[in-house]
Amino acid sequence: MRVYVPLTLPGLAEAHSTGQLGDGPLTAYAVTPALREWYLSDDIEELEYAALSCAALASLRLLAADPGAPRRRVVVAVDVADGAASADPDRGLDPAALGEVRLAGPVRLAKAAAVHADAADAETDVAAAARALDAADKGDDDAQFVVDGAEDHELLWFATQEIPQLIG
């Protein structure tokens, strides 16, 4: 099963240093039954892109909580055993938790298939989106427009061998 783990560049640097993503229970995003129902598609590539997008938004939330982190969203795509990720059925249809899964423990970075990250030219829009996120969550349409501006930037694909250049 492919899961998408939201991070920041400092989080990616820590994972690279320790060889693992997280210390304990870990929130990630995947193609869940609720995501399938919400997205109304059977195309696995479209569904995985939707899960990646959910993880990118979660990465933006991490950036909003860490003003010192470079303003680039980071998502690590990891392959885990099918039973390793579980969705909370009580949160399954909550739009804020769409595609959300929990991993019981840390995941070895060696299991990563790829890293997705913003290009440097996205930093201004991502910084503005991180600042506007709280107001957008409270229903401010102008702030939501700013948050959506970050989504106009596609996350770039990086091989795991490129992690040192990303964090360097």
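Some observations on this one:
- Top-ranked residue in the stretch 80-110 [being part of a loop (DSSP other than H, G, I, E, B) and over 14 Å from VAL3 (Cα atoms); ranked as least open to solvent (accessible area, probe 1.4 Å)]: GLY92
- Against the test of being surrounded by 18 or more Cβ atoms within 10 Å (Cβ to Cβ), among the small types (Gly, Ala, Ser), part of a strand (DSSP E or B) and in contact with a strand residue (DSSP E or B) (Cβ under 7 Å, 6 or more places away or on another chain), the options ALA113, ALA51, ALA77, ALA55 yield a single qualifying residue, ALA77.
- Count - residues of the stretch 1-52 that are free of Cβ contacts under 8 Å to residues at least 24 places away in the same chain and of a type in the set (Phe, Trp, Tyr): 2
- Whichever residue in the stretch 116-168 is closer than 15 Å to ALA55 by Cβ and free of Cβ contacts under 8 Å to residues at least 40 places away in the same chain and, among such residues, is least open to solvent (accessible area, probe 1.4 Å): HIS153
- Some residue of the stretch 12-31 being exposed (fewer than 13 other Cβ atoms within 10 Å of the Cβ), modelled with pLDDT of 90 or more and not in a strand (DSSP E or B): yes
- Test: residue in the stretch 142-153 that is in a loop (DSSP other than H, G, I, E, B), at pLDDT below 95 and over 18 Å from PRO70 (Cβ atoms): yes
- Taking the listed residues ALA97, ALA64, the one that is at pLDDT 95 or above, out of contact with any Cys (no Cβ under 8 Å at 6 or more places or on another chain) and of a type outside the set (D, E, K, R) is ALA64, with no other qualifying.
- Contact annotation: residue pairs with Cβ atoms under 8 Å, 6 or more positions apart or on different chains, pairing a residue in the stretch 70-85 that is in contact (Cβ under 8 Å) with a residue 40 or more places away in the chain and over 13 Å from THR27 (Cβ atoms) with a partner that is open to solvent by 20 Å² or more (accessible area, probe 1.4 Å) and among the hydroxyl-bearing types (Ser, Thr, Tyr), are ARG71/THR124.
- ARG71, sole failed condition from (1) more than 16 Å from the chain's Cα centre (by Cα); (2) surrounded by 15 or more Cβ atoms within 10 Å (Cβ to Cβ); (3) charged (D, E, K, R): (1)
The values are calculated or read from the model by the stated rules, or taken from the named source; none is laboratory data. In this text the structure is predicted, and so the values were computed from the model without any measurement. Using ideal geometry, Cβ is built from the backbone for each residue, glycine included, and neighbour counts are taken over all protein chains shown. Each accessible area value is taken on the protein alone, full model and side chains, heavy atoms only, with ligands, DNA and RNA left out. Shrake-Rupley method; radii C 1.70, N 1.55, O 1.52, S 1.80 Å.
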